[in-house]
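The values are calculated or read from the model by the stated rules, or taken from the named source; none is laboratory data. This structure is a prediction, so every number in the text was calculated from the model and none was measured. When we count neighbours, we look across all protein chains shown, and the Cβ atoms used for this are built from the backbone with ideal geometry, even at glycine. Accessible surface areas use protein heavy atoms only, side chains included; no ligands, DNA or RNA. Shrake-Rupley method; radii C 1.70, N 1.55, O 1.52, S 1.80 Å.
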Amino acid sequence: MTATISAEKLLRDLSQVWTDLAKDSVEKSSTGVLRACAMNLLVCVEGDHDVAATLAEAAHEYPCRLLVLRVRREPGAQLSGRALAQCWMPFGRRQQICSEQIEISAPPEALPDVLSVVRALWAADLPVVVWFRNDSLLVEPALQLLLPMADKVIVDSRRALQPLAVLAQVKALVAAGRPVGDLGWTRITRWRSTIAQIFDNHVCRKNLLGLHSVTIEHTSLEPPLTVPYLAHWLESSLNRELRRTYRSTQNPERWEIQRVTLTGLEFETSIRRKDETAVEARWDGHTAAFVYPRQTEADLLVEEFGILAPDPVFQSVIARL
Amino acid sequence: MAAANPFATDLNPFQDPLRFERRVSPAILVLFGANGDLTMRKLLPALYRLAYERRLPSNFAVIGNSRTAMSDDDFRQKMYESTKQFLEDSPFDEDLWQEFARGLFYVAGNLNDPALYQALTAKIHEVDTARATGDNLLFYLSTQPSFYIPVIEQLGASGLNKGRHGYRRIVIEKPFGSDLQTALELNNFVRTVFPESDVYRIDHYLGKETVQNVFAFRFGNGIFEPLWNRRYVNHVQITAAESIGVGTRGAFYQGVGALRDMIQNHLLQVMATVAMEPSAVFEPDAVRDERAKLLRSIRILSPDQIRAHTVAGQYGPARIGGAAVKGFREEDGVAPNAQADTYAAVTFFVDNWRWAGVPFYVRTGKRLPKRITEIAIQFNEAPHTVFTGDATNPFASRPNMLILRIQPDEGISLRFLSKQPGNGFRLRPVSMDFNYGTSFGTRTPTAYETLLLDAMAGDSTLYTRQDMVEASWKVCEPILDVWQETQHDFPNYEAGTWGPKSADEMLARHGHQWRTP
């Protein structure tokens, strides 16, 4: 018999989850639970990829109705769905906060049937963010039909098996005027912000006139997309081309970027990853450390959740690539 | 519009306002009273946190001053210890502190001594050169109020109030005078040295996220503002309750009192924010014009009205949770017959079209049952009740209430009636909640973080202006005068209760009662 899922049943199950949670919580502490929902998040993920910890962490900052769509390619995979809630107790509080989750598993051939269910499961009037956790799903024809429904699409070129294909998709989405976020771009926000901070100083800014080269050291064998993103952002910001050099240090520490050096006529600024928590910048005889903890996938998602409009800086970089 | 020239050195081409936090120009913060409680508990932790959030330029600097002789390194060590101790809701990073501390400097000296200002001038020049702070100076008066005029006078005499090409701004902590006369004197004096546009009178309540959210709530939504007037609002209650007593501040507090300490500044500013007219634009002077207009519209009570519409209270001893709690008069440094108000409640009326006839009940007190600050807006009941009220249906009629919680658990709740599940038609009040902590899981910046950054950015929206200070003194001074002449029968409320009975009676006369927060 072919398995089916029904949006109505999933919503009823979800309702029951809340009733049980409230009952359980009232019996234990008489404070109840707080149902929090600030947006819809659809996560498209391959098979058993574990996203629970990431989503739980991100939900602390953006409680949402979470729909996890698992595409199962193993033979005999069946369509199924279940409702659950992610709860946590904020420090010093007596009331649990819960974010709701519906998980749907589907074989690829069932994906077209799932779309109408997904549409019915959105919490009304709230933004919809779709995160393609695996780049292979970005090209699934059925899932592409989700894109017009999304207020934002999130991909991750850094984790992609085919980053250039992801870049092509990002370009297409940008061209279509859709807000899109690439966690590969999000990973360099702090590098960019450190560079910006150095050039807040008007004395330093004068040196930008003679800036001609950028050298980016990275720890991978081949430069990840984050590296050209950073270089092209510099060019886009300055509105001119620079001599770009990408160098692999093959450092056992798997940083995205190890060091950025900006060289001008009488000027050199370098920012290097110092350790797990900080980068160190040197310019004009000054040295400064900047806090830069290693970011989790949830940190990156949270940054993207905060931006639901098109990102003009990212768009201008994409246009140069 | 022509594109900005990326090579112009007055613009940083690497800005990304969508993702980077707003940062400010490099500057030196000259902190008078750098050895005091406010600096150690609030200001330095706020600055450190701004550095942690990368919202301060890396060459930002602080020059602290107090009478105590200290080297730069001693000052850094002292600030290190206090920041580590008082930093709230935030991790402490040793490496970042080392970096931040390189921008901390110290000059010892007496505030009345012109030599201090010569030493400051030299230090400012040295720091400005070494750290390229662009000749921007922000003076912060975190001293005893009696030093405000001498410091400002010396800043003028030494020429420190005038920049070569950078800005000169001054932040003044409350109290802005102890009555209307002293407020006028202070304001008039400040004006001779700094233009009003460079004076930042800090009222940290206005920096609180939820107070700022009142603007967003009222003027960003279409559904509330039409209800925000005498036709729909029955009355407004503003409560700022503290569960603690005066502690070691008894001697100081008995010369100030709750009305002066809280209502004249914080709570009247909050009330003005709740009741003001919308400004045409969200710009500093436009917003402050409307707040000032509202403050000027508050009815100044006659002595007879003051007796009917105000209540002074003072807490007496009690046992709370099994422990004995001292009354105010038993606190250290407090006279056994002290007449200071540790509780104040006032019924204000706003004489304008929007609010005519709507009472604004404002209360504050120490040793109340819990620490809470909130604004409760009670709407009129439904004009006709179709549900029968009896013992089985006690909530057949109940007014809607909107609660804006300022602290703790910042958020907004709307109370309305709902049918209780089951047979029959019994109604029950339920609450629809928005909670800052859960809808936006990110950490809320402290009021001082917000306000310090605003002052450095030249944004005075959340600061108090001279005319606002004077208007609020005009409202409060007659009350203080009447209370001064009255021999109060204190203590009139037990510690751990919601204040004197007469405060309940004050509302009962209008057919209202205090909400229990």
In the set A:Ser157, A:Ser105, the lone residue that is farther than 20 Å from A:Glu304 by Cα and at pLDDT 90 or above is A:Ser105
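For the stretch B:155-168, enumerate the residues that are under 15 Å from B:Ile63 (Cβ atoms) and surrounded by fewer than 21 Cβ atoms within 10 Å (Cβ to Cβ).
Our first condition is that a residue be under 15 Å from B:Ile63 (Cβ atoms); within the stretch B:155-168, this holds for B:155, B:158, B:160, B:166, B:168.
Once the filter is applied, which keeps residues that are under 15 Å from B:Ile63 (Cβ atoms) and surrounded by fewer than 21 Cβ atoms within 10 Å (Cβ to Cβ), the stretch B:155-168 yields B:Ser158, B:Leu160, B:Gly166, B:Arg168.
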Residue hits (the stretch A:128-171; of a type in the set (Ser, Thr, Tyr) and surrounded by fewer than 22 Cβ atoms within 10 Å (Cβ to Cβ)) are A:Ser136
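Let me confirm something: among A:Glu266, A:Glu256, which residue is among the charged types (D, E, K, R) and within 19 Å of A:Thr219 (Cα to Cα)?
Going through A:Glu266, A:Glu256 in turn, just one is among the charged types (D, E, K, R) and within 19 Å of A:Thr219 (Cα to Cα): A:Glu256.
What is the residue count in the stretch A:42-75 for residues that are of a type in the set (D, E, K, R), part of a loop (DSSP other than H, G, I, E, B) and modelled with pLDDT under 90?
Of all residues in the stretch A:42-75, those of a type in the set (D, E, K, R) come to A:46, A:48, A:50, A:57, A:61, A:65, A:70, A:72-74.
Applying the additional criterion that residues be part of a loop (DSSP other than H, G, I, E, B) yields A:48, A:50, A:72-74.
Of the ones still in play, those that are also modelled with pLDDT under 90 are A:48, A:50.
Going through the stretch A:42-75 one residue at a time, the tally reaches 2.
Any residue that is within 24 Å of A:Ile257 (Cβ to Cβ), assigned to a loop (DSSP other than H, G, I, E, B) and touching a helix residue (DSSP H, G or I) at 6+ places or on another chain (Cβ under 9 Å) - is there at least one of those in the stretch A:171-189? Give the derivation first.
The initial filter retains those residues of the stretch A:171-189 that are within 24 Å of A:Ile257 (Cβ to Cβ), namely A:171, A:174, A:180-189.
Filter once more, so that each one left must be assigned to a loop (DSSP other than H, G, I, E, B): A:187-188.
Pick out the ones that are also touching a helix residue (DSSP H, G or I) at 6+ places or on another chain (Cβ under 9 Å) and you get A:187-188.
Within the stretch A:171-189 (the criterion being within 24 Å of A:Ile257 (Cβ to Cβ), assigned to a loop (DSSP other than H, G, I, E, B) and touching a helix residue (DSSP H, G or I) at 6+ places or on another chain (Cβ under 9 Å)), the answer is yes, since at least one residue qualifies.
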Flagged pairs (Cβ under 6 angstrom, 6 or more apart or on separate chains; first in the stretch A:179-203, of a type in the set (Phe, Trp, Tyr); second part of a loop (DSSP other than H, G, I, E, B)) are A:Phe199/B:Asn12; A:Phe199/B:Phe14
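Quick one: which residue in A:Leu230, A:Leu234, A:Leu208 is open to solvent by less than 10 Å² (accessible area, probe 1.4 Å), more than 28 Å from A:Ala160 (Cβ to Cβ) and within 13 Å of chain B (Cβ to nearest Cβ)?
Numbers: A:Leu230 fails: more than 28 Å from A:Ala160 (Cβ to Cβ); A:Leu234 fails: more than 28 Å from A:Ala160 (Cβ to Cβ).
Residue meeting the stated conditions: A:Leu208.
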When the stretch B:194-215 is checked residue by residue, the ones that are of a type in the set (S, T, N, Q), surrounded by 16 or more Cβ atoms within 10 Å (Cβ to Cβ) and over 23 Å from B:Phe434 (Cβ atoms) are none
When the stretch A:260-299 is checked residue by residue, the ones that are more than 12 Å from every other protein chain (Cβ to nearest Cβ), surrounded by 15 or more Cβ atoms within 10 Å (Cβ to Cβ) and among the hydroxyl-bearing types (Ser, Thr, Tyr) are A:Thr261, A:Thr263, A:Ser270
Taking the stretch A:232-268 and keeping residues modelled with pLDDT of 95 or more and over 23 Å from A:Phe314 (Cα atoms) leaves A:Thr263
- In the stretch A:310-317, is there at least one residue being away from chain B (no Cβ under 13 Å), closer than 29 Å to A:Ala175 by Cα and either touching a residue at least 40 places away in the same chain (Cβ under 8 Å) or out of contact with any Ser or Thr (no Cβ under 8 Å at 6 or more places or on another chain) (or both)? no
Among (1) under 30 Å from A:Ala176 (Cα atoms); (2) open to solvent by 20 Å² or more (accessible area, probe 1.4 Å); (3) modelled with pLDDT of 95 or more, A:Val302 falls short only on (3)
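Yes/no per residue for (1) buried (at least 22 other Cβ atoms within 10 Å of the Cβ); (2) of a type in the set (Val, Ile, Thr); (3) at positive phi; (4) within 11 Å of another protein chain (Cβ to nearest Cβ):
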site: B:Glu53; (1), (2), (3), (4): no, no, no, yes
site: B:Asp95; (1), (2), (3), (4): no, no, no, yes
site: B:Ile124; (1), (2), (3), (4): no, yes, no, no
site: B:Pro150; (1), (2), (3), (4): no, no, no, no
Those residues of the stretch B:367-389 which are within 19 Å of B:Met506 (Cα to Cα) and touching a Gly at 6+ places or on another chain (Cβ under 8 Å) amount to B:Leu368
The number of residues in the stretch B:23-44 that are farther than 30 Å from A:Glu241 by Cβ and either open to solvent by 20 Å² or more (accessible area, probe 1.4 Å) or modelled with pLDDT under 85 (or both) is 8
From the option list A:Glu109, A:Glu100, single residue qualifying as closer than 25 Å to A:Glu8 by Cα, of a type in the set (Asp, Glu) and open to solvent by less than 20 Å² (accessible area, probe 1.4 Å) is A:Glu100
Screening B:Arg367, B:Arg354, B:Arg363 for residues that are more than 22 Å from B:Lys474 (Cα to Cα) and either under 25 Å from the mean Cα position of the chain (by Cα) or touching a residue at least 60 places away in the same chain (Cβ under 8 Å) (or both) leaves only B:Arg367
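Residues in the stretch A:130-161 that are part of a strand (DSSP E or B) and in contact with a Pro (Cβ under 9 Å, 6 or more places away or on another chain): how many? Even if it seems obvious, please write down each step before you answer.
We begin by selecting, within the stretch A:130-161, every residue part of a strand (DSSP E or B); these are A:130-132, A:152-155.
Subsequent filtering for residues that are in contact with a Pro (Cβ under 9 Å, 6 or more places away or on another chain) retains A:152-153.
Of the residues in that region, 2 qualify.
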The stretch B:216-309: helices (runs of 4 or more DSSP H) wholly inside it with 2 or more residues that are open to solvent by 20 Å² or more (accessible area, probe 1.4 Å) are B:250-253, B:284-297, B:303-309
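Regarding B:Arg191, is this residue exposed (fewer than 15 other Cβ atoms within 10 Å of the Cβ) and either hydroxyl-bearing (Ser, Thr, Tyr) or more than 30 Å from B:Lys326 (Cβ to Cβ) (or both)? Talk me through it step by step, then tell me what you get.
On the way: exposed (fewer than 15 other Cβ atoms within 10 Å of the Cβ): yes; either hydroxyl-bearing (Ser, Thr, Tyr) or more than 30 Å from B:Lys326 (Cβ to Cβ) (or both): yes.
Yes.
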Here the residues within the stretch A:1-35 that are modelled with pLDDT under 70, within 24 Å of A:Tyr62 (Cβ to Cβ) and open to solvent by 60 Å² or more (accessible area, probe 1.4 Å) are A:Arg35
